[in-house]
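Here is the structure we will look at, set down as structure tokens.
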Amino acid sequence: IARKLKEKLPNIIVVGVDPVGSILAQPEALNDHNRLCGYKVEGIGYDFIPEVLDRSLVDQWVKTEDQESFVMARRLIREEGLLVGGSCGATVAAALRAAQTLQEGQRCVVLLADSTRNYMTKFLNDQWMFDNEFVDDSLHQSTNYTKFKKSMTTWWSSQPVAALHLPAAFTILPTLSCKAAAELMDAKGYDQFPVVDVSGTLHGVVTNGQILSKLASGRLAAKDPVARGMFQHFARVTSTTALGELAELFDKEFFAVVQGDNGALHIATRIDLLNFITTNEQQ
């Protein structure tokens with residue numbers, strides 16, 4: 001599209017949109033490599049440069065955040081009746097910034113290439129926006145938001161994760177075989193192990209469910225190291241994290257790695273939180 005537009009309008013300025021966490025934008029200084037993390041907006045951005053992408057056709061890049069993208073997409077639906085997807089929200093948010101440099105008589109054309117079809121349970125859902133902390137002013141003032149925040153105000157929600165008194169996690173090396181890890185899980189009675197190297201650096205978490213899934217699908221052999229079958233992205237909290245925040249994580253996560261004092265690692269699960277609540281309520 002950019003090539004054809006430049007063919008017809010040689011003086012056109014093409015602005016590319018790239019989410020924070022992606023590396024497509026130029027100059028390279030726009031990409032903060034300390035923030036090469038996941039992002040929720042779908043359909044734009046990559047952690048590699050696709051061969052089909054000719055970045056020489058883009059005159060300017062604008063980086064966008066998840067929150068502004070989803071909030072703008074919801075605004076376009078609400079105020080303009082445009083049933084757009086999250087990447088369109090990113091595009092319009094970027095266009096509003098780029099348009100500030102326009103001179104009188106210049107036009108700004110925004111291409112919206114995504115629809116709401118695949119996002120009915122994501123950014124269109126208020127609860128999803130709450131869970132991912134993408135609350136905008138319209139949501140913040142809504143009755144649903146008030147009820148949501150009130151539901152998290154309990155006798156235990158402000159207490160720290162340290163109150164769970166979790167035991168130190170049993171850790172394994174990345175080179176340990178999946179077979180040996182499964183045997184250890186059975187012997188120790190654990191469902192997951194943090195995977196650390198000899199220096200104690202955390203690399204991931206391996207679970208019995210993940211090993212079974214990959215073995216069953218043929219993507220992993222029993223002799224393979226757990227490094228090939230571990231989760232590299234998982235929930236992390238500290239010993240001072242509020243239990244209310246941990247409970248919110250457990251709406252979509254089965255466990256969280258707890259970074260304790262002096263670098264100690266712990267695993268918090270739903271049953272740990274449940275036992276804490278029920279035991280202390282009885283007292």
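All of the numbers you see were taken from the coordinates with simple rules; none came from a lab. Quick caveat: nothing in here was measured; it's all calculated off a predicted structure. Positions of Cβ are generated from backbone atoms using ideal geometry, with glycine treated the same way; all protein chains shown enter the neighbour counts.
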Quiz item: ALA163 to SER213: FRET efficiency via 1/(1 + (r/R0)^6), r the Cβ-Cβ distance, R0 25 Å, to the nearest 0.05?
Solution: 0.15
Practice problem: Kindly state, to the nearest 0.05, the FRET efficiency for ILE49 paired with ARG270, given R0 = 35 Å and r defined as their beta-carbon distance. | Solution: 0.30
Self-check item: Relative intensity, log₁₀ I(q)/I(0), of the stretch 1-132 from a Debye sum that treats every alpha carbon as a point, q = 0.18 Å⁻¹
Solution: -1.07
Quiz item: Given q = 0.10, 0.11 Å⁻¹, what are the Debye log10 I(q)/I(0) values for the stretch 161-280, with equal point scatterers placed on the Cα positions and solvent ignored?
Solution: -0.31, -0.37
Self-check item: Cα gyration tensor, the chain - rounded (a/c under 1.5), prolate or oblate
Solution: oblate
Exercise. Read phi for every residue in the stretch 181-193 and hand back ³J(HN,Hα) as whole Hz from Karplus 6.51 cos²θ - 1.76 cosθ + 1.60, θ = phi - 60°, with x for Gly and Pro.
Key: 5, 5, 5, 5, 4, 5, 5, 8, x, 10, 9, 8, 10
Self-check item: Interchain or long-range residues, amide H under 5 Å from PHE234's placed H
Solution: none
Quiz prompt | Once exposed loop trypsin sites (Lys or Arg not before Pro) are cut out (DSSP; at most 12 other Cβ, 10 Å), longest piece of the chain | solution = 1-106
Quiz prompt | Rg(Cα) / (2.2 N^0.38 Å) computed for the stretch 1-78, rounded to two decimals | solution = 1.20
Quiz prompt | Nearest 10 degrees, 0 to 90: helix 270-282 Cα axis against the chain principal axis | solution = 60 degrees
Quiz item: If you look for lysine pairs in the stretch 1-132 that are eight or more places apart or on different chains, how many of them have Cα atoms under 25 Å apart?
Solution: 5
Quiz item: Any idea how far apart THR201 and GLU253 come out in nm if each label point goes 7 Å out from Cα toward Cβ?
Solution: 2.1 nm
Practice problem: Quote the relative contact order of the chain in percent (integer), defining contacts as alpha-carbon pairs under 8 Å separated by 6+ residues. | Solution: 12 percent
Self-check item: Packing-based exposure ordering (other Cβ within 10 Å, fewest first) of SER177, SER87
Solution: SER177, SER87
